[in-house]
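Novice: Mind having a look at this structure? Questions to follow.
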Amino acid sequence: MLWTCLLFPSLPLDVFARARSPDDAPRAFVVSGGGRYPRVVAADATARASGIRNGVLVSAALALVPELVLRDRDAEAERRALAQLATWALTFTPMACLAPPDAIVAEIGGSLRLFDGLPRLVARLVGGAHALGYTARVGIASTPGAALLLARAGHTQPVTDRALLPAVLAPIPLVHFDLPGAVRATLREAGITTIGQVAALPRDGLARRFGSAIVDGIDHALGRAPDPRACFVPPPHFASRLELPAPAHDAEALSFGVQRLVQELAGWLAARGLGVVRLTLTLAHERHLRQRGMPATVAPFAFGAPARAPARLLGVLRERLVRVTLPASVETIALMSDETAPLPGRNLGLLPGDDVVAMEIPLRDRLRARLGDDALLRLVPHAEHRPELALRTTGVGQASSAPTKQPRGKGRAASAPPLPDAPRPLWLLPEPQPLAHPLATRPWVLRDGPERIESGWWDGNDVRRDYFVAATPAGATMWIYRDHRHGVDDGEWFLHGIFS
Amino acid sequence: MAAASSALASLLEHPAIWRGGDVAPEPAALPSGYAALDAVLPGRGWPQGALTELLVEREGIGEIRLTLPALVQVQAQGRDVVWIAPPYRPYAPALAAAGIDLARLVVVACRTPKDALWAFEQALRAPECGAAFAWLPTHDERALRRLQVAAREGRTWGALWRRPGQRGSAIAAPLRLGLAPHDGRLAVHVLKRRGAELPGPVLVDVGKRAAHY
């Protein structure tokens, strides 16, 4: 077993800052705790450069940097962020566990081959967290407890050999070890400040004095006792939202935030082995407008085939976002999966270079995103004698993506309804056109027919027609009929199709 | 002597070389299914990766039927057929009877010519699309050049249909055919091709297939 810990030291900051594009002009930004005299909990690089440290009073920080951007710490958002990160970590391993408040641990021993070895995997983990907008620090060891300690101590060198653990962990200060504050204070007063010193103490005495938790913690970290952890299970539906640092006025400005959410979505899809078919992007407007009853702008998306690759998701969303008109500026964006379908992963190629796959957005998705859902038609023949009803069109996405959802019964005959043996034209006129005039000037030659079609008396659209294939004097072939609906034998002639 | 001439012949096979009186070899062509037509088309078929302009003198002369065998073949290769802004409703039962796989036929309805032009370009560029037909009135030379480049890059057979009364464009498409009725058959006039001019039209019998739709 090989465990990696992903520690997010600036999580309180990142949950806010990640909605901000890195291209934006940097402004000093801090997150403050609650209470009567709030203190700075986390400060970004710009704030730190101005001399603001964690733990100083907010009033002092404001004195240092008057234009400071200040947000209250949002513990709920941090919890949600950690869950999102754990979901994303499942892209790399089947086993990831939460280590609140600011870390996750994941077993990566089984994933090394798939991701081309430890250094590349670690680079992908850190790079992926960065793409999601989080700063991650990594610790790697053969036990989860040791990985956590190494990450907190900033020891980035992997320790894969369990025999080396006691020596590596010994100098790590006790502040990185999860202990009740009182215990830590007592130990410090006794001159015990490192893990090595605790491990050297007599076990039974230590357990009697401080409870078994401290002894177990040491045993777990050193691998002397098993350390069972609850695996993180990703939620059954994806829903994530992002508060924008400043209200966005056009779709273009939203695209950065959407990109973050799409990265999360892709992680969730990969963790669950799914592809998304339909999803909804909700753009909530500013609070004062919301309170006055302005509904959020909702943009639903549909994909022609289950999609997972971020590039593809993003490509379609961008095309669609261009068409969205915003009635007001947007404060919060939320992404939600409405329908998913299993999408198996790819096996690695046997030879290097085998597994290069073009990440193109399918044409149908692109066309639909730009032209609208109703612009793409798929023709479905329908068992019906009336020619104008023997054809159904469906949106391209519905039928292909959700085969289980097709209507049952007689309308279902997408495969092949019995076709009439008589000739049928390739073009059908949307409405039959009266032919009286052209026929009067120069006669057409009837070549095939009549074919009587008489149907539909039950639904009010009854027809009684004699169809003929007719050659026009100019050499074209048309499909015409004589309308006998009114019972007269010399009914009018209509043009209905073109043998193109 | 024989060895020398065969060496010369192999040299002349080079795609960059073509001789007058002959048709230029096309890198890839899609057999049209009509031997008489294939014989006069460069590469012995519809050019894959280029624009074909089809001028229809009159609708209802078998102009679409002329292309169906090639479309069936495109679909058999696992690629889609895209029809953009067709003038009438494509009639599913007849298409199915002709062997067209309706699941691989995408019909795009466009509100504006600009949308249609965009969709045509996207279809031509898309690797999954093997043949894209568009009924477009456009004569914008720049747009047509773009389309030609898109067809080449996507290795897609792009057909630009001109309805009766619409004139053709002077440039852009390397292959331009005029379709007219001739005594119950379809006369294909090769108006422009990469190769020597053709004196008369090619008569193609597409009517036989029609009788049993």
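Novice: Taking the stated definitions as given, is A:P119 more than 18 Å from A:I195 (Cα to Cα), part of a helix (DSSP H, G or I) and within 31 Å of the chain's Cα centre (by Cα)?
Specialist: Yes; evaluated as a whole, the condition is true for this residue.
Novice: Within the set of pairs 6+ apart or on separate chains, which have a first residue in the stretch A:136-147 that is in contact (Cβ under 8 Å) with a residue 60 or more places away in the chain, a second that is surrounded by fewer than 24 Cβ atoms within 10 Å (Cβ to Cβ) and of a type in the set (F, W, Y), and C-beta atoms under 8 Å apart?
Specialist: Within 8 Å, the pairs are A:A136/A:F8; A:R137/A:F8.
Novice: Would it be correct to say that A:S50 is touching a helix residue (DSSP H, G or I) at 6+ places or on another chain (Cβ under 7 Å), assigned by TED's automatic domain parsing to the domain that holds A:P158, surrounded by fewer than 17 Cβ atoms within 10 Å (Cβ to Cβ) and closer than 26 Å to A:H130 by Cβ?
Specialist: So A:S50 fails the test.
Novice: Just a yes or no: is a residue in the stretch A:14-23 under 28 Å from A:Q259 (Cβ atoms), within 32 Å of the chain's Cα centre (by Cα), part of a strand (DSSP E or B) and at pLDDT 85 or above?
Specialist: Checked the stretch A:14-23: no residue is under 28 Å from A:Q259 (Cβ atoms), within 32 Å of the chain's Cα centre (by Cα), part of a strand (DSSP E or B) and at pLDDT 85 or above.
Novice: Go through B:E128, B:E141, B:E63 for me and flag whichever is surrounded by fewer than 19 Cβ atoms within 10 Å (Cβ to Cβ), farther than 15 Å from A:A375 by Cβ and at the interface with chain A (Cβ under 7 Å from one of its Cβ atoms). If you could, list the steps in order and put the result at the bottom.
Specialist: Numbers: B:E141 fails: at the interface with chain A (Cβ under 7 Å from one of its Cβ atoms); B:E63 fails: surrounded by fewer than 19 Cβ atoms within 10 Å (Cβ to Cβ).
Residue meeting the stated conditions: B:E128.
Novice: Residue check, A:G196 against (1) assigned to a helix (DSSP H, G or I); (2) without any contact (Cβ under 8 Å) to a residue 24 or more places away in the chain, all met but one. Which one?
Specialist: Failing condition for A:G196: (2).
Novice: Name the single residue, out of those in the stretch B:80-114 being more than 9 Å from chain A (Cβ to nearest Cβ) and either in a helix (DSSP H, G or I) or touching a residue at least 60 places away in the same chain (Cβ under 8 Å) (or both), that is surrounded by the most Cβ atoms within 10 Å (Cβ to Cβ).
Specialist: This residue is B:R104.
Novice: Right, something else. Could you tell me whether the stretch A:424-434 includes any residue that is under 22 Å from A:P381 (Cα atoms), of a type in the set (K, R) and either within 14 Å of another protein chain (Cβ to nearest Cβ) or in contact with an Asp or Glu (Cβ under 7 Å, 6 or more places away or on another chain) (or both)? First the steps, then the outcome.
Specialist: Kept after step one, since they are under 22 Å from A:P381 (Cα atoms), are these residues of the stretch A:424-434: A:424-432.
Of the ones still in play, those that are also of a type in the set (K, R) are A:424.
Those still in the list that are either within 14 Å of another protein chain (Cβ to nearest Cβ) or in contact with an Asp or Glu (Cβ under 7 Å, 6 or more places away or on another chain) (or both) too: A:424.
Yes, some residue in the stretch A:424-434 is under 22 Å from A:P381 (Cα atoms), of a type in the set (K, R) and either within 14 Å of another protein chain (Cβ to nearest Cβ) or in contact with an Asp or Glu (Cβ under 7 Å, 6 or more places away or on another chain) (or both).
The values are calculated or read from the model by the stated rules, or taken from the named source; none is laboratory data. Predicted, not measured: the structure shown is a model, and the values here were computed from it. Virtual Cβ from ideal backbone geometry, glycine too; neighbours counted across all protein chains shown.
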